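Okay, structure first, notes after.
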Amino acid sequence: MYSLNQIFKNSVKWESLFSYFLLLLILLLTACADKKESTQSCAVQLDEEKYSTVAANTNCSNYERASGYLGQAGVSFANFLKKGATDNLTKTLGISKLTSATDYAVGNRGYVTNALCLIGANSILTSSRCNGSSRSRTNEEIEISMFANIADMIYLNYGMLDNDSNGTVSSIEVNNFSKLNTSAVNSSGGGTTISAYSRYEVVAGSTSYISNSDMSKCVTYADNYVLDPSSGSNCAAKAVTDGVTITEIRPIFKLESMTDISGGGSLTSKITMVSELTSISNALDGDFAALGISTTNSLRKSLSDGLSKLDNGAKAKNDGICTAAATYDVLYLLVNNPADNSTSSSDLKSKNLLSLTDLTSSVDSSLSAVTVSGLAMTQARLIYATDSPATTYTDSYEKAESNLYTAIKNMRSLGVETAVKGDGKVSFREVICIGEN
């Protein structure tokens, strides 16, 4: 079990996330004082913690009103100075339990929504969350948007995962949400049925051939990799005739079945969660970029450190192995780059490929391929069974046997994004590791 303040590394408290925010407010107050505005100015009212007054005043700037809304959501200096504030951020931020990731108006998340609908990215402004129009933003507005997105990400994750709203998230709570069927999946081939096709893709620059097991028969790739090469000619001789040089061999493997990791239940809540995480993460990344805050910038690193429990790179604490992600990734490797019914013959060349080492070490250690002396063999290609028991195969996962197709589709719906620790983005693979951080 982990307290919410353990989201942050020992050297970075939640207050650090708002130190920059506070500096901006101080600068705003100073600017207003220089202009000798009245004591009823929006900035002075913010300083007096009259957040609701400022938020409701349409004469205040969007920046000021958004600051007022965030103050109402608990994102304020005074709130975080209270004794024990960082020990239970669910309580400090007034995080209410969410039944759906799109519960935008529940509890204090409603204030965060109001702020984002004033100064958020256009992707949020024009979404159903705000139903607004695209607009240009000032740097001040983008700065507030950055903090609103961070607050929203925290609210979303703990509103969905902290079931008893006690400020802690355990592995049990994460598992109760994800409900992943991982018990039969392992790197020894559990959860999948994969076998060698006894055929290879022979790569010669931009030309590809499909060959039999000893390369005595080759046919030129046209639009599929399930073509029977028996009518072809010797691969080496064909390459000479075509004026190309063979540089790589890729074994082709048949994926005949795969465990539906979703457990076969409703995916609505999980898919919605993935969609919202993507939306917030992309908006936050866009704010960073608009402000010129690169991935190496010290401020961004500080903010990302503050989100380290969430933005964990699908790793456990201290970069250890996250057992939930390790199991998830066995199948993730098989579904992150599949061809579908819309894939063109030229694009198909780069689809259905995965590292041969990953396949044989992480997915199914029993798999082996014939070594072709002197030629690189670093990638493998997948094809999919179209019936059960498997007798025919296809390059498109959407044409796969119904149970296999469903397993792949459901896995992909849970998110196939790469997970990079500290990049300001949070994926489903990182969510299932929160309880191990």
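What follows is calculated from the coordinates using simple rules that are stated; it is not laboratory data. Quick caveat, the model's predicted, so the values are computed rather than measured. All Cβ positions, even for glycine, are placed from backbone atoms using ideal geometry, and neighbour counts span all protein chains on display.
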Least to most buried among ILE280, ILE142, ILE408, by other C-beta atoms within 10 Å and fewest first, runs ILE142, ILE408, ILE280
Run the quick spin-label model on ASN131 and THR418: label points 7 Å from Cα toward the beta carbon, then report their separation in nm to one decimal.
-> 4.0
Expressed in nanometres to one decimal, the distance between label points 7 Å along Cα→Cβ at SER216 and ASP228 is 1.7
Stretchable slack from ASN403 to ALA376, in nm (0.36 nm times residue separation minus alpha-carbon distance) = 6.3 nm
Under a straight-distance cross-link criterion of Cα-Cα below 20 Å, which aspartates and glutamates are reachable from LYS421, leaving out those fewer than 8 residues away in the same chain?
-> ASP152, GLU276, ASP285, ASP287, ASP305, ASP311, ASP319, ASP329, GLU430, GLU436
When VAL426, VAL244 are ranked with the fewest other C-beta atoms within 10 Å first, the list becomes VAL244, VAL426
Counting other Cβ atoms within 10 Å, keep those with at most 11, restrict to DSSP loop, and tell me which trypsin sites (Lys or Arg not before Pro) in the range 151-230 are left.
-> none
For LYS349, which aspartates and glutamates qualify as cross-link partners when the Cα separation must be under 15 Å and same-chain residues fewer than eight apart are set aside?
-> GLU201, ASP223, GLU248, ASP340, ASP395
In the structure shown, do any of LYS217/LYS254; LYS315/LYS425; LYS50/LYS309; LYS270/LYS425; LYS179/LYS351 have a Cα-Cα gap over 25 Å, and if so which?
-> LYS50/LYS309; LYS179/LYS351
